[in-house]
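Here the structure is laid out as structure tokens; the discussion comes afterwards.
The values are calculated or read from the model by the stated rules, or taken from the named source; none is laboratory data. None of these values were measured; they are calculated from a predicted model. Cβ sites come from the backbone with ideal geometry, for glycine too, and all protein chains shown count toward neighbours.
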Amino acid sequence: MKTILACCALAMLLGVAPRPMLAHHGSAAYDMSKSITLDGAVTSLDWNNPHCLLHFDSKDDKGEVQHWTIELYNPLWMTRAGWTRNSLKAGDPINITFHGTKSGATNGYIRDGDGKLTSNGKELGFHQAGDERTIER
Amino acid sequence: MLRSKLHRPHTRGHVVGALAVFAIALVVPLSVRPQAAPQQGASKTEAAFNPRDLSGLWFGGVGGGLRVQGKVAPLTPEGQARFNANTAELKSDRTISADPTFRCEPPGLPHIYGIGGYSIEFLQTPARIVIFYESIHTFRDIWMDGRKRPEDADPLWMGFSVGRWEGNDLVVDTTGFNDKTWLNGAGYPHSEALHIIERFHRADLNHMQLDITLDDPKFYTMPWKMGVNFTLQPTWEFGESFCIPTNQESFKSQIIEQNDKDKPVPKN
């Protein structure tokens, strides 16, 4: 354990922070240790590379509307997980569980495994048909 | 006894076993080799598959699945300087956005295996194997006809690749790279001296291990390795996915810059 800590400290000193290579740009900006769950209303679904983006509004504790942007997977992945670009439309109510940012920016990252998204009682999943993995790693 | 040896899965630790299998493979006719022989309990499809036929779509996982195996080799001073420039954003804990693939430049090798969650597909002819990469809708040729890289050939984004079969492993030797790409999204650089050996080992019908050896004596003090574990995806079709600069910019401004908005911008 001490060795691992020493390695990490040394790596950080050298500027070679050990970080997992997950998505295209990594998930380093997100707090992967905890999740946020919100109710909201979709404003748009951007169906583009490198990641589809889900935009929605949600009221915070003070009743003020916050605008959120969530990274989904790329359009081919989404298609293989059963989505179409019309799966969610402006105004659709959603309940969503995702990872928030470390910086506090109202962005998020949803992933196959621990992310969850339902709209009008229907779950919209992120697991591709045929993918043996149960969670990204 | 012979059967049980033949059916032992190939692992790195079993050098003796592997040698034994290799020796047997030399003397046993192709028709009775284990991969062609029907196996008890195996499905008809699995029993019939040809290990030298890699056709189909293969999925490496989220982020493409590219991983460093073991440790990154120590960099030479020249390599270290390039690495430091590539990863300057990490000093202020920012997401690395200097990756040339963010600007839709070709990823090169092996970085192309580390782009998004897309598939690759093999198309084989006797003289040439083509690998299609869904991530940026591109391909590369692997020449199987014994040709050599022409002298004084221009450096290439994807290099010049020749392949051969070693047993049932496809071994691909690639040189002739330009130095404009990164080895992966973590900012590891390479020079034009980069020499890559890829070994595609199909462990069974549905699984293929890619071991990648990176040798760049100008930027690294020793060879090092990366790898990808692929699974066959018989129900998928190769999709259209291009890198669109305006989409990349939009993503960067909405996601990366917002996530890192309070962090200092590094000076190169």
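Assorted remarks:
- Residues in the range B:50-74 that are in a loop (DSSP other than H, G, I, E, B) and surrounded by 17 or more Cβ atoms within 10 Å (Cβ to Cβ): 7 in all.
- Being acidic (Asp, Glu), buried (at least 17 other Cβ atoms within 10 Å of the Cβ), in contact (Cβ under 8 Å) with a residue 12 or more places away in the chain and part of a helix (DSSP H, G or I) holds for only one residue in B:GLU198, B:GLU121, B:GLU89, and it is B:GLU89.
- Which numbered condition B:TRP236 fails, given (1) farther than 22 Å from B:ASP99 by Cα; (2) more than 11 Å from chain A (Cβ to nearest Cβ); (3) in contact with a Ser or Thr (Cβ under 8 Å, 6 or more places away or on another chain); (4) surrounded by 21 or more Cβ atoms within 10 Å (Cβ to Cβ): (2)
- Out of B:PHE230, B:PHE242, one residue alone is at the interface with chain A (Cβ under 9 Å from one of its Cβ atoms) and under 26 Å from B:HIS190 (Cβ atoms). It is B:PHE242.
- Unique match (being at pLDDT 95 or above and away from every other protein chain (no Cβ under 14 Å)) among A:LEU88, A:LEU5, A:LEU53, A:LEU72: A:LEU88
- Count of residues meeting criterion [at the interface with chain A (Cβ under 8 Å from one of its Cβ atoms) and closer than 13 Å to A:ASN48 by Cβ] in the range B:250-266: 4
- Meets criteria (within 10 Å of another protein chain (Cβ to nearest Cβ) and either within 18 Å of the chain's Cα centre (by Cα) or not small (Gly, Ala, Ser) (or both)) for B:THR181: no
- Options B:ASP145, B:ASP179; residue that is exposed (fewer than 14 other Cβ atoms within 10 Å of the Cβ), modelled with pLDDT of 95 or more, assigned to a loop (DSSP other than H, G, I, E, B) and not aliphatic (A, V, I, L, M): B:ASP145
- Among residues of the range A:36-46, those that are surrounded by fewer than 18 Cβ atoms within 10 Å (Cβ to Cβ) and more than 10 Å from chain B (Cβ to nearest Cβ), counted: 6
- All conditions in (1) of a type in the set (Asp, Glu); (2) surrounded by 15 or more Cβ atoms within 10 Å (Cβ to Cβ); (3) within 14 Å of chain A (Cβ to nearest Cβ) hold for B:ASP173, with the sole exception of (3).
- Single condition B:SER241 does not satisfy, out of (1) of a type in the set (Ser, Thr, Tyr); (2) buried (at least 20 other Cβ atoms within 10 Å of the Cβ); (3) more than 19 Å from the chain's Cα centre (by Cα): (3)
- If the condition is being within 15 Å of B:LEU123 (Cα to Cα) and within 14 Å of the chain's Cα centre (by Cα), then the range B:142-160 contributes only B:ILE142.
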